[in-house]
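The values are calculated or read from the model by the stated rules, or taken from the named source; none is laboratory data. None of the values given here were measured: they were computed from a predicted structure. Ideal geometry is used to build each Cβ from the backbone, glycine not excepted, and the neighbour counts take in all protein chains shown. In case anyone asks, the SASA skips ligands and DNA or RNA and just uses the protein heavy atoms, side chains included. Shrake-Rupley method; radii C 1.70, N 1.55, O 1.52, S 1.80 Å.
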Amino acid sequence: MGRRASTLSGGGGLPDGEGWLTVRKVWVGATVAVGSALAVVMLLVVGVYVVAGNLVNGVGGGAAKTLAKGSVPAAYQQLVSRWGNLCPAINPALLAAQLYQESGFNPRAQSHAAAQGIAQFIPGTWAAHGIDGDGDGDRDVWDPADAIPSAATYDCTLASYVKDVGGDLTENMLASYNAGAYAVIKYGGVPPYKETQNYVKRIRALEESFAAPVGRVDPSWQAAGAIAFAQKKLGTPYLWGGNGTADQGGRFDCSGLTKAAYESVGITLPRVANDQYNAGPHPDRDELLPGDLVFFSDDLTDSRAIRHVGIYVGGGYMIDAPRTGAVIRFDPIDTPDYFGATRVTEDGAKALPTTV
């Protein structure tokens with residue numbers, strides 16, 4: 001969260017190549033020869049990442065940012081898309097990142113500092129900047145149809161205060177949101193406050209998690225290590241709420257496994273699957289790389305409804321901890337409840353709020 005005195009409050013590739021077809025055949029018929037399959041997987045993972053490093057182009061600059069599929073709950077997607085284009089300083093992905101940072105899209109959220117609603121306005125800030133976004137004759141901080149437009153309007157108001165300051169307008173707006181426009185004007189840009197600089201960096205990183213990629217997404221060098229960790233756990237019985245601790249017999253549930261796998265390579269993920277979805281950009285199905293997290297949900301319009309996660313290993317398969325009574329194993333990802341994927345990044349993981 002930003003400084004409560006000045007925030008809204010007032011103050012979470014490469015297409016599968018033909019080589020993976022061999023792996024698919026090995027996995028399907030390898031219930032006895034798991035060790036051999038794992039050796040093949042790791043060799044191919046290394047090969048894919050060598051190729052990926054040569055072929056991947058970063059996300060193209062200059063393109064308008066739109067929301068990644070399902071990254072914003074369907075009930076708010078139209079509001080965020082519309083009001084996220086209110087002025088040049090913001091875009092729908094940036095507005096979504098702020099709302100997620102503030103409340104996790106919870107319209108009933110209330111903080112100890114009396115911040116209220118999906119955008120976490122405190123009463124004084126709401127009185128000054130809240131608008132009747134849906135034109136129904138009232139300004140209701142608890143109504144996302146008012147609070148989301150008010151958040152966008154407040155962002156653009158802050159941007160207008162610092163429009164003549166040099167540097168990046170969006171980052172100056174975010175710094176104003178956290179530290180006040182006077183500080184941005186005084187220092188000619190993002191002020192030298194660690195909290196403010198971290199806030200700007202965090203929201204810009206989250207912005208990439210909510211934006212639909214406009215080009216290939218860079219691979220993560222930590223991905224192979226995460227896969228190697230998960231492979232060592234194959235055959236381990238599932239435990240709901242399992243984190244792999246000794247007192248739990250080294251057992252995991254789905255998000256406990258993915259969290260531990262990435263923690264083994266120095267990246268800390270949130271504990272639950274729907275927050276892990278926001279730990280990086282979202283490659284399309286035909287752009288998946290080994291190490292991507294793959295997600296499943298009964299509601300394909302809302303990342304907050306995600307109920308399962310696994311680690312992609314190629315060939316249309318993942319390693320996952322599926323359910324009570326099962327063991328950590330290889331499973332196909334192409335099922336009707338496949339939601340999407342995340343390419344975990346260090347910045348994306350660090351940007352996630354600790355509680356939403």
>> Taking 0.36 nm per residue of sequence separation and subtracting the Cα-Cα distance, how much length would be gained by fully extending the chain between residue 69 and residue 221, in nm to one decimal?
In response: 52.2 nm
> Residues of region 249-331: accessible area per residue at 1.4 Å, in Å²?
Replying inline: 29 Å²
> How many nm is it between the label spots at residue 286 and residue 248, if each spot is 7 Å from the Cα in line with the beta carbon?
Replying inline: 3.8 nm
> Do any chymotrypsin sites (Phe, Trp or Tyr not before Pro) in region 160-226 lie in a DSSP loop with no more than 13 other beta carbon atoms within 10 Å, and if so, which?
Replying inline: 221
> What dipole magnitude, in Debye to the nearest 20, does region 130-180 give about its Cα centre under +1 on Lys/Arg Cβ and -1 on Asp/Glu Cβ?
Replying inline: 320 debye
>> Probe radius 1.4 Å, ligands and nucleic acids ignored: give me the carbon and sulfur share of the accessible area of region 187-300 as a rounded percent.
In response: 51 percent
> ³J(HN,Hα) across region 291-301 via Karplus (A = 6.51, B = -1.76, C = 1.60, θ = phi - 60°), whole Hz, x for Gly/Pro?
Replying inline: x, 4, 7, 10, 10, 9, 7, 7, 10, 7, 9
> How far apart, in nm, are two points set 7 Å out from the Cα along the Cα-to-Cβ line at residue 354 and at residue 201?
Replying inline: 1.7 nm
> By how many nm would the segment from residue 214 to residue 264 grow when fully extended, if each residue of separation counts as 0.36 nm and the alpha-carbon distance is taken off?
Replying inline: 15.0 nm
>> Just to confirm the filter: which trypsin sites (Lys or Arg not before Pro) across region 280-356 are DSSP coil and have at most 15 other Cβ within 10 angstrom of their Cβ?
In response: 323
> How long are the semi-axes of the ellipsoid equivalent to region 164-274, from square roots of 5 times the Cα gyration tensor eigenvalues, in whole Å, largest first?
Replying inline: 40, 16, 11
> Counting only protein heavy atoms, what percent of the accessible surface of region 81-141 is carbon or sulfur at a 1.4 Å probe?
Replying inline: 49 percent
> Using a simple spin-label model with points 7 Å from Cα along the Cα→Cβ vector, what separation in nm is obtained for residue 113 and residue 85?
Replying inline: 3.3 nm
>> Quick check for you: with a 1.4 Å probe and neighbouring chains kept, what is the accessible area per residue of region 178-226, in Å²?
In response: 44 Å²
